[in-house]
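Below is one structure; the comments refer to it alone.
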């Protein structure tokens with residue numbers, strides 16, 4: 001398994017807050033590769049490989065295969081619109097662009113090589129995420145002809161936009177307004193959410209806003 005990589009960050013360029021509280025939403029994805037030694041080399045290429053990106057399974061062990069996807073978690077294609085794979089080593093194509101999921105690239109190589117993946121998100125004013133990975137191949141002189149390598153990569157979205165929050169299926173935690181010193185910004189966001197929720201509830205019953213029902217004991221005197 002590859003060594004842990006640095007955390008990838010994506011920032012909302014339309015958010016002008018340079019100080020104060022920051023909202024950080026973390027999503028974990030899996031980047032992996034599968035390489036196979038060819039029985040007969042094709043020119044200078046001795047191995048075939050595949051590199052992929054996918055969402056993380058529920059209770060997944062990065063060192064083991066299998067698992068079941070959590071339907072409450074978004075797929076990579078829910079918030080990623082395009083992935084650019086750039087290979088740092090000998091292979092037929094040094095750059096591959098995948099414009100829709102599943103984000104997978106297959107090609108040939110003659111040894112282990114690195115790949116840098118640039119993630120372009122569906123909300124265009126969020127900065128790109130950079131993910132690095134090492135594609136390993138079976139060592140020469142060993143009977144094993146397959147090589148697997150995968151790991152979990154964290155992506156931190158800093159102050160994501162409302163649309164990005166929906167794509168990430170982010171659910172804010174309830175705010176405790178009874179504590180001694182509540183955060184004013186946190187309190188304001190909570191009250192705005194409750195106000196929007198109340199407005200939506202009232203819009204479902206507009207007759208109560210225009211003609212409120214009369215009580216039975218309301219009588220008019222002649």
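The values are calculated or read from the model by the stated rules, or taken from the named source; none is laboratory data. Quantities reported herein were computed from a predicted structural model and do not represent experimental measurements. Positions of Cβ are backbone-derived with ideal geometry, glycine not excepted, and every protein chain shown enters the neighbour counts.
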For this session: Within segment 138-160, count every residue that is in contact (Cβ under 8 Å) with a residue 24 or more places away in the chain and surrounded by fewer than 13 Cβ atoms within 10 Å (Cβ to Cβ).
Result: 2
Problem set entry | Every residue from segment 35-44 that is surrounded by fewer than 17 Cβ atoms within 10 Å (Cβ to Cβ) and touching a strand residue (DSSP E or B) at 6+ places or on another chain (Cβ under 7 Å) | 36, 38, 42
For this session: Could you tell me whether residue 120 is under 25 Å from residue 15 (Cα atoms) and touching a residue at least 60 places away in the same chain (Cβ under 8 Å)?
Result: no
For this session: Return the total of residues in segment 87-102 being surrounded by 15 or more Cβ atoms within 10 Å (Cβ to Cβ) and out of contact with any helix residue (DSSP H, G or I) (no Cβ under 6 Å at 6 or more places or on another chain).
Result: 4
Exercise. Which residues, taken from segment 103-119, are outside any loop (DSSP other than H, G, I, E, B) and surrounded by fewer than 17 Cβ atoms within 10 Å (Cβ to Cβ)?
Worked result: 104, 106, 114, 116, 118
Problem set entry | Residues located in segment 123-138, provided they are out of contact with any helix residue (DSSP H, G or I) (no Cβ under 9 Å at 6 or more places or on another chain), within 25 Å of residue 14 (Cα to Cα) and not in a loop (DSSP other than H, G, I, E, B) | 129, 130, 131
For this session: State whether the residues of segment 178-191 include one that is modelled with pLDDT of 70 or more, surrounded by 10 or more Cβ atoms within 10 Å (Cβ to Cβ) and either on the phi < 0 side of the Ramachandran plot or over 23 Å from the mean Cα position of the chain (by Cα) (or both).
Result: yes
For this session: Determine whether segment 57-70 contains at least one residue that is part of a strand (DSSP E or B) and either within 13 Å of the chain's Cα centre (by Cα) or at pLDDT below 85 (or both).
Result: yes
Problem set entry | Meets criteria (under 15 Å from the mean Cα position of the chain (by Cα) and at pLDDT 85 or above) for residue 33 | no
